[in-house]
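Report on one structure; see the data block that follows.
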Amino acid sequence: MIRDMSRAETGVELEETLVKVGMDLSAAKALGEMPHKVVHVDPRRPFREPGSPRDEVMFVRSGIMCKYKSDGSGRRQIVALRFPGEGILPSPSNADYGLQAIARSEIMVGSAEDFAKVVEEHPSINGFLYKLVQREASISHEWLVNCGRRDSTARVAHLLCETAARCGIDGAKQSLRLPFTQQQIADITGQTSVNVNRVFAELERQGLIEREGRNISFADWNEIKRVGSFQPDYLLS
C-alpha cells in the first residue's frame, strides 16, 4: 500500500489551517502575523514542566506534542495530544500538566498578551475558540472512556483510528506511519509496554493490521473501527 505523507510529517501553516476550519480570512491573517518564535522541540526532554506559567499560545506546525501528568510514584500518563494544525491556549493559572514532544516537532509560540490583543480586535475569533474548547473536551471524554472502560485491545485500536483521523489519513485506503513508541502508547492507554506489544500481535493475528516497521496498514478498516468503538463524530465537535 502506498503511504501518503501525513500532516504530522509535512507541516502546516497557521493562516491556511484557520481558514480551512472556518475562521474568516482577516482574523486568520492577524493571528498568522502575530509576533511569535518558531521552536524546534526535541522529544527527549520536557518542553514545559508541570506548574509552568500558561502565558503563551502555541500552534503545532509539524510533529506531535503531548500534555502529560504523573502520579505520586512518578508514573506518567499522557492526557492529550496536539497534532499539526492544533494549538494550546493560554490561561491565567499555571499549568497542571507538562508539555513534551512525541516526535521532533516544530511549534509557533506567541505571548498571551499579543494573542489577547488580536482576539480583542477580531471578536469573531471568540466563536472559533469556543468550538475549539468544545472539541478538546469531546476528545478528553472519549479518552476517559477508552482508559476507563475498554479492554486493552480496544484501547489501542481506538488510538490507531483516532491517530489516522487526526493525521488526515483515510484508513480504508492509506497506511499510517505510527508516530508513537510502544511506551508512549502505554502512557496514553494506561497499560504497560509489554502488554501493548501483545496487543499489536493480537491485532495482526486477527487480520486487522499489517506492520512493516512503523508503517501500519489497516487490513480491515471497518472492523478495527468496530473493535475500538471508534466513531469519529467527536472529532468534529
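Please go through the range 86-134 and write out the chymotrypsin sites (Phe, Trp or Tyr not before Pro) that DSSP classes as loop and that have at most 15 other C-beta atoms within 10 Å. Don't jump to the answer; show the numbers that get you there.
Values: sites: Tyr97, Phe115, Phe128, Tyr130; in loops: Tyr97.
Sites meeting the loop and neighbour criteria: none at all.
For the range 147-236, the square roots of the Cα gyration tensor eigenvalues, ordered a ≥ b ≥ c, give a/c below 1.5, which places it in the rounded category. The Thr192 and Asn215 beta-carbon pair, evaluated with R₀ = 25 Å, returns a calculated FRET efficiency of approximately 0.55.
Each stretch of four or more DSSP H residues adds -39500 (n - 2.57); spread over every residue of the chain, this sum gives -12500 deg cm²/dmol at 222 nm. About the centre of its Cα atoms, the range 7-122 shows a dipole size close to 680 debye [charges on the beta carbon of Lys, Arg (+1) and Asp, Glu (-1) only; nearest 20 debye]. Sorting Met34, Met65 by the number of Cβ atoms found within 10 Å of their own Cβ, with the fewest placed first, yields Met34, Met65. The distance linking the range 22-74 with the range 116-163 is 15 Å (Cα centroid to Cα centroid, whole angstrom). Fewest neighbouring Cβ atoms within 10 Å first, the residues Val60, Val21, Val119, Val41 line up as Val21, Val119, Val41, Val60.
Within the listed set Asp187, Asp71, Asp24, the residue fluctuating most in the Gaussian network model of the chain (springs between alpha-carbon atoms under 10 angstrom) is Asp71.
Determine, for Met108, Met23, the number of other Cβ atoms within 10 Å of each Cβ, and report the residues in order from fewest to most. Before the final figure, lay out each step's value.
On the way: Met108 19, Met23 22.
So the residues, fewest neighbours to most, are Met108, Met23.
Here the Karplus relation 6.51 cos²θ - 1.76 cosθ + 1.60, evaluated at θ = phi - 60°, turns the backbone of the range 199-216 into coupling constants of 5, 4, 4, 5, 4, 5, 4, 7, x, 8, 9, 10, 10, 9, x, 8, 7, 10 Hz, with x for every Gly and Pro.
What lysines sit close enough to Lys117 to cross-link, taking a C-alpha to C-alpha distance under 24 Å and skipping anything fewer than 8 places away on the same chain? The qualifying lysines are Lys20, Lys29, Lys37, Lys131.
Mean-square fluctuations from a GNM of the chain, with a 10 angstrom spring cutoff on Cα atoms, peak among Ala172, Ala157, Ala80 at Ala172.
Amide H contacts of Glu86: Val60, each under 5 Å away and 5 or more positions distant or on a separate chain (H built 1.01 Å from N in the peptide plane; Pro and chain starts excluded).
Where a number appears in this text, it was derived from the coordinates with a stated rule and is not lab data. For clarity, every value in this text was computed on a predicted model and none was experimentally measured. Please note: Cβ atoms are built from the backbone with ideal geometry, for glycine as well, and neighbour counts cover all protein chains shown.
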